[in-house]
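Student: Below you will find the structure I want to go over with you.
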Amino acid sequence: MSKRPLSPHLQIYRPQITSVLSIMHRMTGVGLTLGLLLMAWGLWALAHGPSTYQCFHDCATSPLGKLVLIGFVWALSYHILNGVRHLFWDAGMGFKMEEVRASGWAVVIFSFLMTAFFACFYMFF
């Protein structure tokens, strides 16, 4: 056995905005994949007639279904905005720590604002 010291565990490190946003980007990517499966179910139901689509519609318009749809919209908003942030990084911009923190918080805030806008649009139209 080696007598080398072990690396510190995650419990020792304080979460930073960059690490939290990176983890959230991965999680929203998985959520978007699951959401695409739900969209495929909706298209499949649409192709198989009114009674099959009615079952999908009932699920999608239930309170849980609306919550899932709003969650999907948030994941999509967050993932797109964070992707744009990464495009700026690829261009060599925004690497100062103040800019990284500001752009991170901007992604979080604007993703919630976009979700609220689309949720209101969904509820009223």
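Every number in this text was worked out from the coordinates using simple rules, so none of it is lab data. The model shown is predicted, which means the values in this text are computed figures rather than measured ones. Please note: Cβ atoms are built from the backbone with ideal geometry, for glycine as well, and neighbour counts cover all protein chains shown.
Student: With everything on Cα atoms, drop me the angle between helix 97-124 and the longest principal axis of the chain, reported from 0 to 90° to the nearest 10.
Tutor: Computed tilt is about 10 degrees.
Student: Okay, moving on. Nearest 20 debye, what's the magnitude of the dipole of the range 18-124 about its Cα centre given +1 on Lys and Arg Cβ and -1 on Asp and Glu Cβ?
Tutor: The dipole of the range 18-124 has a size of about 100 debye.
Student: Write out the trypsin sites (Lys or Arg not before Pro) in the range 1-69 meeting two conditions: DSSP loop, and at most 16 other Cβ atoms within 10 Å of their Cβ.
Tutor: 3
Student: Once fully extended, how much extra length lies between residue 61 and residue 121, figured as 0.36 nm per residue of separation less the alpha-carbon to alpha-carbon distance? Mind dumping the intermediate values first?
Tutor: On the way: separation 60, 0.36 × 60 = 21.60 nm, distance 1.45 nm.
Once the chain is fully extended between residue 61 and residue 121, it gains 20.1 nm.
Student: Follow-up. Gain in length, residue 6 to residue 32, computed as 0.36 nm per residue apart minus the alpha-carbon separation, to one decimal in nm?
Tutor: 5.8 nm
Student: Calculate for the chain the 222 nm mean residue ellipticity that helices alone would give, adding -39,500 (n - 2.57) per DSSP H run of length 4 or more and normalising by residue count, nearest 500 deg cm²/dmol.
Tutor: Mean residue ellipticity, 222 nm, calculated: -27500 deg cm²/dmol.
Student: Here's another thing I want to ask about it. What is the chain's relative contact order, in percent, from Cα pairs under 8 angstrom and six or more apart in sequence? Before the final figure, lay out the partial values.
Tutor: On the way: 57 pairs, mean separation 36.0, N = 125.
Over the chain, the number comes to 29 percent.
Student: Consider just the alpha-carbon atoms of the range 18-124 and return their Rg together with their Dmax, both in angstrom.
Tutor: Here Rg and the maximum Cα pair distance are 16.9, 56 Å.
Student: Tilt of helix 50-60 relative to the longest C-alpha principal axis of the chain, in degrees (0 to 90, nearest 10)?
Tutor: Long axis of 50-60 versus the principal axis of the chain: about 40 degrees.
Student: A further question on this structure: Among 20, 107, 68, whose mean-square fluctuation peaks in a Gaussian network model of the chain (Cα, cutoff 10 Å)?
Tutor: 20
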